[in-house]
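A short write-up of the structure that comes next.
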Amino acid sequence: MRISVVVPARYASRTFGRSMESILQQTCRANEVIIVDDSRGNTVMNTARKYAKRSKTVRYIKEEFFSTGSLKNRGIMDSDADIILMTGTDCEVPHDWIERMIGPIKEGDDIVQGGISLSSKNFWSRILQRSEDRLRKRLSGGGSIDLIDSRNIAFRRDALIEAGMYDRHVRGLEDLHLKIRMKRYGFLVHDLGGVLVTQHRQVSLNDLFRENVEKGMWTVFIRSLEQGSGKNVKDAMFITLRSRDHLLFLPSLIITLFTGGPLGFISELISGIGFRTGSLAGAFRRERFLRSIQTKYY
């Protein structure tokens, strides 16, 4: 089976070189490594060309449409592989990453989801790590997980194409949108959380809050898109948009203080306020968002 690693380069990362080194020094080598770039600087291009000269398996592609989903789609379509793996320019993969991630697909699975470990151990990074770990635990069970995170994932390429790949007009939470559509086609995600990719990023309070605001807003937009398509819409993320969940936010915070300690309380407080702020903003901007792309859907 042919293997491609797709690296969407939406933004330049200072650790891109470390990411490339880890991808190229694998126990099981990829047939090709496709770097798809829409960044406005030359950092990604220069690094990519350096590695393309070093290895014939590395290809650099420039994508003009400005969204992460379009980068991923371009890599998928330009590949002739049977298996597509994805990671980020700021992610360093373990030396046996490809070998372990493709194993379940060779056995018949469609999607394999690995785990993420943040390299920074500052306070806000630990808060984010705790939040992501709790979400992962809540969404996993029985060897599968209700999650797609393209920082560490492997797909059967024909499953991606059958589900329609990414929607390039979804500029946030594109992995969530893809997951919903792939579930509708009956594709399950195999949980391989023990395979950890290290993401090199320093998280601040502003990063944490802003990301949760974006998450809340795009959850509203994606639910609206799915409802507009006339499909049956069910997802764990949509439950958090219910009025009941908003009303129970304060009591759940108090419970978290006793069950999860101060770190868990702070994590829930920031993520909860940010998500709910974003979901309210999304509710006000939903119609404008749908009008901006309605010719693409209806």
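Residues in region 133-163 that are β-branched (Val, Ile, Thr) and surrounded by 15 or more Cβ atoms within 10 Å (Cβ to Cβ) were compared, and the one that is nearest to the chain's Cα centre (by Cα) is Ile148. Take the conditions free of Cβ contacts under 8 Å to residues at least 24 places away in the same chain, at negative phi and assigned to a loop (DSSP other than H, G, I, E, B) and apply them to Lys121. Does it pass? Yes; evaluated as a whole, the condition is true for this residue. Taken as a whole, the structure places Lys179 among residues that are in contact with a Leu (Cβ under 8 Å, 6 or more places away or on another chain) and either more than 21 Å from Gly69 (Cβ to Cβ) or of a type outside the set (Ser, Thr, Tyr) (or both).
Taken over region 23-47, the criterion of being surrounded by 19 or more Cβ atoms within 10 Å (Cβ to Cβ) and either under 22 Å from the mean Cα position of the chain (by Cα) or in a strand (DSSP E or B) (or both) is satisfied by Ile23, Ala30, Glu32, Val33, Ile34, Ile35, Val36, Asp37, Asp38, Val44. Do the conditions hold for Leu225, that is, is it more than 15 Å from the chain's Cα centre (by Cα), under 18 Å from Phe275 (Cβ atoms) and crowded, with 19+ Cβ neighbours inside 10 Å? When the stated conditions are applied, Leu225 does not pass them.
For region 67-78, the count of residues that are at positive phi and not assigned by TED's automatic domain parsing to the domain that holds Glu268 is zero. Within region 67-86, the residues that satisfy the criterion of being in a helix (DSSP H, G or I) and not charged (D, E, K, R) are Thr68, Gly69, Ser70, Leu71, Asn73, Gly75, Ile76, Met77. Can you name the residue in region 12-22 that is assigned to a loop (DSSP other than H, G, I, E, B) and crowded, with 17+ Cβ neighbours inside 10 Å and is also modelled with the highest pLDDT among such residues? In this case the residue turns out to be Thr15. One residue stands out among those in region 5-15 that are closer than 23 Å to Ile83 by Cβ and among the hydrophobic types (A, V, I, L, M, F, W, C): the one that is farthest from the chain's Cα centre (by Cα), which is Val5.
Can you confirm whether Leu248 is closer than 18 Å to Phe209 by Cα and either of a type outside the set (Ser, Thr, Tyr) or surrounded by 14 or more Cβ atoms within 10 Å (Cβ to Cβ) (or both)? No; evaluated as a whole, the condition is false for this residue. Report, ordered by the first and then the second residue, all pairs with beta carbons closer than 8 Å, sequence separation of six or more or different chains, a first member in region 278-298 that is polar (S, T, N, Q), and a second member that is surrounded by 15 or more Cβ atoms within 10 Å (Cβ to Cβ) and modelled with pLDDT of 80 or more. Final answer for the pair search is Ser279/Gly216; Ser279/Met217; Ser279/Thr219; Ser279/Val220.
The values are calculated or read from the model by the stated rules, or taken from the named source; none is laboratory data. Every value quoted in this text rests on a predicted model; they were computed, and no experiment measured them. Neighbour counts are summed over all protein chains in view; Cβ atoms, including those assigned to glycine, are modelled from backbone coordinates with ideal geometry.
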